[in-house]
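The values are calculated or read from the model by the stated rules, or taken from the named source; none is laboratory data. Treat the numbers as computed from the prediction; the structure is a model and nothing was measured. Methodologically, a virtual Cβ is constructed for each residue, glycine included, from the backbone with ideal geometry; neighbour enumeration extends over all protein chains shown.
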Amino acid sequence: MFKKLLAAVLALCAAAAFAAVDVNKADAAALDSVKGIGPGIAGKILDERKKGSFKDWNDLVDRVKGIGEGNAAKLSEGGLTVNGATFKGMAAAPAAPAKKEEKAAAPAKAAAATAPAAATAPVAAADKKADDKKADAKKDAKPEAKADAKADKAAEKKAAAEKAKAEKEAKKAAADKEKADKKAAAEKAKAEKEAAKKDAKKEDKPTAKAAEKAASAPKK
């Protein structure tokens, strides 16, 4: 009796592990559980599904970016279906019915041999799922890094142009100042020269008058 129960439990576990996930009915968690679908693709599927249910696999491939014909078969093998159909329109295999009690009973040796494989399968699936998530994250990060690098380059170019412009304006201002200083110095020198010339004329006038008076005075 114990062997029969053990065999029945193993059969149910195997059926649950490979249960089909319909793309039009599954939630984010169920989609994420399918091998090959990460959070990014699951979100795209849900967004497209809001616009209308997927008619078939071709409709799914056309509407959801990231799902091509190449990996559609892999997703189908992982348990994904579209309206109950696997990739290429094949009907999804129904869950195997519980075997009759006499057929479900298997030797203890066979059950012991299949148990390790059943135990390691979820671990391998979890590792693959983690790798897929890392790949998706790395893929999403590349466009962002490229955009940041482009923005940095544009900012550096703009800063260099502004610096060159400021230096040019500073040189022009210095040249204008030097020119203005020279002009002011020349005007000052000219003004001083004219003032000195006027002073000299003022000093010469009394001397000329005295000479003229002396000349006109009668001689004794």
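Among the residues making up region 80-103, a single one is modelled with pLDDT of 85 or more and touching a Phe, Trp or Tyr at 6+ places or on another chain (Cβ under 6 Å): Val82.
Residues of region 42-78 being part of a helix (DSSP H, G or I) and touching a strand residue (DSSP E or B) at 6+ places or on another chain (Cβ under 8 Å), which ones?
Filtering region 42-78 for residues part of a helix (DSSP H, G or I) gives 42-51, 57-63, 69-77.
Those that are part of a helix (DSSP H, G or I) and touching a strand residue (DSSP E or B) at 6+ places or on another chain (Cβ under 8 Å): Trp57, Asp59, Leu60.
Considering region 114-169, the residues that are among the acidic types (Asp, Glu) and under 27 Å from Asp32 (Cβ atoms) include one that is modelled with the lowest pLDDT, namely Asp140.
Could you please let me know if Ala106 is modelled with pLDDT under 80, surrounded by 13 or more Cβ atoms within 10 Å (Cβ to Cβ) and part of a loop (DSSP other than H, G, I, E, B)? It is true that Ala106 is modelled with pLDDT under 80, surrounded by 13 or more Cβ atoms within 10 Å (Cβ to Cβ) and part of a loop (DSSP other than H, G, I, E, B).
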